[in-house]
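Okay, handing you the structure first.
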Amino acid sequence: MAAHGAQKLFGWFGGGGLEGTGQFFAMSGYPAGEAMALIAGLTETLGGLALAVGLLTPLAGAAVLGTMINAMAVKWGGGFFAPDGVEFELLLAAGAAALTLTGPGRYAVDRLLPGLRSHGLLRGAAAVLLGVVAAGAVLLVRG
(Lines give C-alpha, C1' and ligand atoms only; values in the text may rest on other atoms or scores of the structure.)
Protein backbone atom coordinates (compact mmCIF):
# COMPACT_ATOMS: atom_id res chain seq x y z
CA MET A 1 0.00 0.00 0.00
CA ALA A 2 2.76 2.41 0.88
CA ALA A 3 4.31 1.95 -2.57
CA HIS A 4 0.98 2.78 -4.23
CA GLY A 5 0.75 5.89 -2.09
CA ALA A 6 4.28 6.89 -3.10
CA GLN A 7 3.23 6.58 -6.74
CA LYS A 8 0.48 9.11 -6.11
CA LEU A 9 2.45 11.47 -3.91
CA PHE A 10 5.89 11.48 -5.52
CA GLY A 11 5.56 9.74 -8.87
CA TRP A 12 7.81 6.93 -7.67
CA PHE A 13 7.58 3.40 -9.11
CA GLY A 14 6.09 4.65 -12.36
CA GLY A 15 3.31 6.66 -10.73
CA GLY A 16 1.79 9.90 -11.94
CA GLY A 17 2.62 12.04 -8.92
CA LEU A 18 0.06 14.48 -7.56
CA GLU A 19 -0.53 16.19 -10.89
CA GLY A 20 -1.03 13.05 -12.98
CA THR A 21 -3.00 11.26 -10.28
CA GLY A 22 -5.08 14.40 -9.74
CA GLN A 23 -5.99 14.43 -13.43
CA PHE A 24 -7.00 10.77 -13.18
CA PHE A 25 -9.16 11.49 -10.13
CA ALA A 26 -10.83 14.42 -11.90
CA MET A 27 -11.54 12.24 -14.97
CA SER A 28 -12.99 9.61 -12.60
CA GLY A 29 -15.52 12.11 -11.28
CA TYR A 30 -13.87 13.27 -8.06
CA PRO A 31 -13.93 17.02 -7.41
CA ALA A 32 -10.60 18.75 -6.69
CA GLY A 33 -8.57 15.97 -8.27
CA GLU A 34 -5.19 16.97 -6.84
CA ALA A 35 -6.59 17.33 -3.32
CA MET A 36 -8.17 13.89 -3.60
CA ALA A 37 -4.89 12.48 -4.95
CA LEU A 38 -3.10 13.94 -1.94
CA ILE A 39 -5.63 12.40 0.45
CA ALA A 40 -5.47 9.02 -1.27
CA GLY A 41 -1.68 9.11 -1.43
CA LEU A 42 -1.33 9.99 2.25
CA THR A 43 -3.91 7.40 3.25
CA GLU A 44 -2.20 4.65 1.28
CA THR A 45 1.32 5.62 2.36
CA LEU A 46 0.65 6.22 6.04
CA GLY A 47 -1.98 3.49 6.35
CA GLY A 48 0.24 0.98 4.59
CA LEU A 49 3.30 1.81 6.69
CA ALA A 50 1.26 1.75 9.90
CA LEU A 51 -0.17 -1.68 9.02
CA ALA A 52 3.30 -2.97 8.20
CA VAL A 53 4.65 -2.09 11.65
CA GLY A 54 1.38 -2.60 13.54
CA LEU A 55 0.85 1.00 14.63
CA LEU A 56 -2.72 2.13 15.31
CA THR A 57 -3.78 -1.04 13.54
CA PRO A 58 -7.57 -0.53 13.59
CA LEU A 59 -7.33 3.00 12.18
CA ALA A 60 -4.66 2.06 9.64
CA GLY A 61 -6.78 -0.86 8.46
CA ALA A 62 -9.87 1.35 8.23
CA ALA A 63 -7.92 3.87 6.14
CA VAL A 64 -6.74 1.22 3.69
CA LEU A 65 -10.20 -0.37 3.56
CA GLY A 66 -11.88 2.95 2.74
CA THR A 67 -9.35 3.72 0.04
CA MET A 68 -9.80 0.30 -1.55
CA ILE A 69 -13.58 0.68 -1.55
CA ASN A 70 -13.15 3.83 -3.61
CA ALA A 71 -10.64 2.10 -5.89
CA MET A 72 -13.15 -0.70 -6.49
CA ALA A 73 -15.87 1.84 -7.31
CA VAL A 74 -13.64 3.43 -9.94
CA LYS A 75 -12.71 0.06 -11.51
CA TRP A 76 -16.13 -1.58 -11.10
CA GLY A 77 -17.03 -1.80 -14.81
CA GLY A 78 -13.83 -3.66 -15.72
CA GLY A 79 -14.94 -7.09 -14.56
CA PHE A 80 -13.40 -9.11 -11.75
CA PHE A 81 -9.93 -10.20 -12.81
CA ALA A 82 -6.84 -7.96 -12.87
CA PRO A 83 -5.55 -5.81 -14.45
CA ASP A 84 -8.84 -4.10 -15.35
CA GLY A 85 -11.05 -5.71 -12.71
CA VAL A 86 -11.40 -5.32 -8.97
CA GLU A 87 -9.67 -8.55 -7.97
CA PHE A 88 -6.53 -6.92 -6.50
CA GLU A 89 -8.40 -4.11 -4.75
CA LEU A 90 -10.86 -6.59 -3.26
CA LEU A 91 -7.98 -8.68 -1.91
CA LEU A 92 -6.36 -5.61 -0.31
CA ALA A 93 -9.70 -4.50 1.16
CA ALA A 94 -10.32 -7.96 2.62
CA GLY A 95 -6.81 -8.08 4.08
CA ALA A 96 -7.21 -4.63 5.63
CA ALA A 97 -10.59 -5.59 7.10
CA ALA A 98 -9.14 -8.82 8.48
CA LEU A 99 -6.26 -7.01 10.16
CA THR A 100 -8.65 -4.40 11.52
CA LEU A 101 -10.91 -7.06 13.03
CA THR A 102 -8.20 -9.36 14.38
CA GLY A 103 -5.86 -6.66 15.65
CA PRO A 104 -2.10 -6.30 15.69
CA GLY A 105 0.24 -9.25 15.80
CA ARG A 106 2.63 -10.28 18.54
CA TYR A 107 5.46 -8.04 17.30
CA ALA A 108 3.38 -4.96 16.48
CA VAL A 109 4.25 -1.51 17.79
CA ASP A 110 0.73 -1.38 19.27
CA ARG A 111 1.79 -4.09 21.74
CA LEU A 112 4.39 -1.69 23.18
CA LEU A 113 2.00 1.22 23.75
CA PRO A 114 -0.25 1.40 26.82
CA GLY A 115 -3.90 1.54 25.87
CA LEU A 116 -3.28 -0.12 22.52
CA ARG A 117 -2.04 -3.48 23.80
CA SER A 118 -5.45 -5.04 24.03
CA HIS A 119 -7.62 -5.40 20.99
CA GLY A 120 -11.28 -6.21 20.99
CA LEU A 121 -13.53 -7.30 18.21
CA LEU A 122 -15.84 -4.38 19.02
CA ARG A 123 -13.01 -1.88 18.47
CA GLY A 124 -12.11 -3.58 15.19
CA ALA A 125 -15.73 -3.65 14.01
CA ALA A 126 -16.10 0.05 14.84
CA ALA A 127 -12.97 0.81 12.79
CA VAL A 128 -14.29 -1.23 9.83
CA LEU A 129 -17.56 0.71 10.06
CA LEU A 130 -15.60 3.97 10.14
CA GLY A 131 -13.70 2.98 6.99
CA VAL A 132 -16.89 2.00 5.15
CA VAL A 133 -18.74 5.18 6.16
CA ALA A 134 -15.79 7.41 5.20
CA ALA A 135 -15.53 5.63 1.84
CA GLY A 136 -19.26 6.10 1.30
CA ALA A 137 -19.00 9.81 2.06
CA VAL A 138 -16.21 10.22 -0.47
CA LEU A 139 -18.21 8.27 -3.05
CA LEU A 140 -21.19 10.58 -2.48
CA VAL A 141 -18.95 13.56 -3.24
CA ARG A 142 -17.83 11.79 -6.40
CA GLY A 143 -21.39 11.73 -7.62
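Please give the per residue accessible area of the chain, computed with a probe of 1.4 Å over protein heavy atoms only, in Å².
Heavy-atom SASA per residue in the chain reads 55 Å².
What is the set of long-range amide H partners of G16 at a cut-off below 5 Å, with H atoms built 1.01 Å from backbone N?
The answer is T21.
Tell me, what is the Rg over Rh of segment 14-76, with Rh the Kirkwood radius over Cα pairs?
Radius of gyration relative to Kirkwood radius: 1.01.
In addition: Given all pairs of different Cα atoms, what value in angstroms does the Kirkwood hydrodynamic radius of the chain take?
Evaluated over the chain, this radius sits at 15.3 Å.
Give me the extension gain from V141 to A26: residue separation times 0.36 nm, minus the current Cα-Cα distance, reported in nm with one decimal.
Gain on stretching V141 to A26: 40.2 nm.
Report, to the nearest whole %, how much of the accessible area of the chain belongs to carbon and sulfur atoms, 1.4 Å probe, protein only. All intermediate terms of the calculation are to be shown ahead of the outcome.
Numbers: 5740 of 7830 Å².
So the carbon and sulfur contribution to the accessible surface is 73 percent.
Counting just the Cα atoms, what span does segment 72-115 cover along each of its three principal axes? Round to the nearest Å and put the largest first.
The Cα atoms of segment 72-115 stretch 45, 15, 13 Å along the principal axes, largest first.
The values are calculated or read from the model by the stated rules, or taken from the named source; none is laboratory data. Here the structure is a predicted model, which is why all the values come from computation and not from measurement. SASA here: full protein model, heavy atoms, side chains in, ligands and nucleic acids out. Shrake-Rupley method; radii C 1.70, N 1.55, O 1.52, S 1.80 Å.
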